[in-house]
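Presented below is the structure to which this report refers.
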Amino acid sequence: MFILSPISKITLDGRDFYIKRDETIDPYLSGNKYRKLYALLQTPKNTFTKVISYGGTQSNAMLALTAICKKKEWEFIYYTKKITPVIKTQKVGNYYDALSLGMKIVELENDLYKEYVSGLRLNLDEKTLLIDQGGADVKAREGLEVLASELREQFKLEEFSEIKAIATPSGTGTTALYLALSLPEYTIYTTPCIGSVSYLKEQMQALDEIPSNLIILESKKKYHFAKLYDEFLEIYEKLERSGVKFDLLYAPAMWLTLLAQTKESVLYVHSGGLSGNASMLERYKRRH
Ligand SMILES: *Cc1c(COP(=O)(O)O)cnc(C)c1O
């Protein structure tokens, strides 16, 4: 499978931005999860019979892994903390979609979770693959190198010649780090959406050295992951009006810092995550 996602241009607050439309790749396996799991997607079926992973109950990585395992006919087992009754009864969202696609869920008592999860790698047979939370793995580099070469091809076109920098939001930082390493001739902006700048740097450094073309922007206000913020919903709606839908967890913080702290012509690599919007929008609605 080879997909070259297009680049769109939008205007936001009077500024032109370019968007690499990676969210259009697939409804379940899209955005940076497609890039990070690219190597796994190329892996022959008979390599594994089972994949296991762990993390949040509405995680985009969880849904992406479910989609790959379904395609490959691998069993997929996902470990989480106790799941709230609201999530269990919802008929939208990543959890609901992943169950429909065949994910097997194992709920762990919250106080046992950490120890149990760190023990998962000790009992693996050769046909079982463990993927760490969020797909934070050195194998992610391969897919980001593919993205980098796609961008290099597209940047040869006259209409994209003014692009000076690239931006994408960070959770584990895997995407931004490997993109920066694969495109040393461009500035790569990112911002931490989960935890502090120093936590993000720690996670990146566990994978590789942070190159000098990777710039971590810090928003003035401290945001907590998966909490609801008026300005997040506001920028989400503004972006939607300008023609492109983004996610409500990562994209808002990245866009707000880009608007406040950069001036040059930026290409935003859409990191996907739209499958989580229905459940996020329900939370925003319930709040008002
Ligand atoms: C997973 C995810 C991220 C974070 O990616 P990392 O490689 O962990 O930094 C950003 N945006 C969206 C929409 C995601 O689903």
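Candidates are the residues of segment 142-166 that are of a type in the set (Gly, Ala, Ser) and surrounded by fewer than 17 Cβ atoms within 10 Å (Cβ to Cβ); the one that is nearest to residue 180 (Cα to Cα) is 149. For residue 79, the conditions (1) buried (at least 19 other Cβ atoms within 10 Å of the Cβ); (2) more than 22 Å from residue 248 (Cβ to Cβ) all hold with the exception of (1). Just name the residue that is nearest to the ligand (Cβ to nearest atom) out of those in segment 215-241 that are farther than 18 Å from residue 168 by Cβ and part of a loop (DSSP other than H, G, I, E, B). Top of the filtered list is 226. Considering segment 164-203, the residues that are in a helix (DSSP H, G or I), within 13 Å of residue 218 (Cα to Cα) and among the hydrophobic types (A, V, I, L, M, F, W, C) include one that is farthest from the ligand (Cβ to nearest atom), namely 197.
Name the one entry in 207, 200 that is under 26 Å from residue 150 (Cβ atoms) and either free of Cβ contacts under 8 Å to residues at least 24 places away in the same chain or touching an Asp or Glu at 6+ places or on another chain (Cβ under 9 Å) (or both). Let's see the steps before the verdict.
On the way: 200 fails: either free of Cβ contacts under 8 Å to residues at least 24 places away in the same chain or touching an Asp or Glu at 6+ places or on another chain (Cβ under 9 Å) (or both).
Result: 207 is the single residue among 207, 200 that is under 26 Å from residue 150 (Cβ atoms) and either free of Cβ contacts under 8 Å to residues at least 24 places away in the same chain or touching an Asp or Glu at 6+ places or on another chain (Cβ under 9 Å) (or both).
Selection within segment 187-196: residues that are hydroxyl-bearing (Ser, Thr, Tyr) and in contact with a helix residue (DSSP H, G or I) (Cβ under 8 Å, 6 or more places away or on another chain). The member of this set that is farthest from residue 151 (Cα to Cα) is 191. The set of residues in segment 197-222 being crowded, with 18+ Cβ neighbours inside 10 Å and either out of contact with any helix residue (DSSP H, G or I) (no Cβ under 9 Å at 6 or more places or on another chain) or under 18 Å from residue 186 (Cα atoms) (or both) consists of 214, 216, 217.
Scan segment 253-276 for residues that are under 16 Å from residue 228 (Cβ atoms) and either modelled with pLDDT under 95 or more than 11 Å from the ligand (Cβ to nearest atom) (or both) and report the count. Of the residues in segment 253-276, 2 are under 16 Å from residue 228 (Cβ atoms) and either modelled with pLDDT under 95 or more than 11 Å from the ligand (Cβ to nearest atom) (or both).
The values are calculated or read from the model by the stated rules, or taken from the named source; none is laboratory data. These figures come from a predicted structure and were not determined experimentally. Glycine gets a Cβ as well: all are built from the backbone with ideal geometry, and neighbour counts include every protein chain shown.
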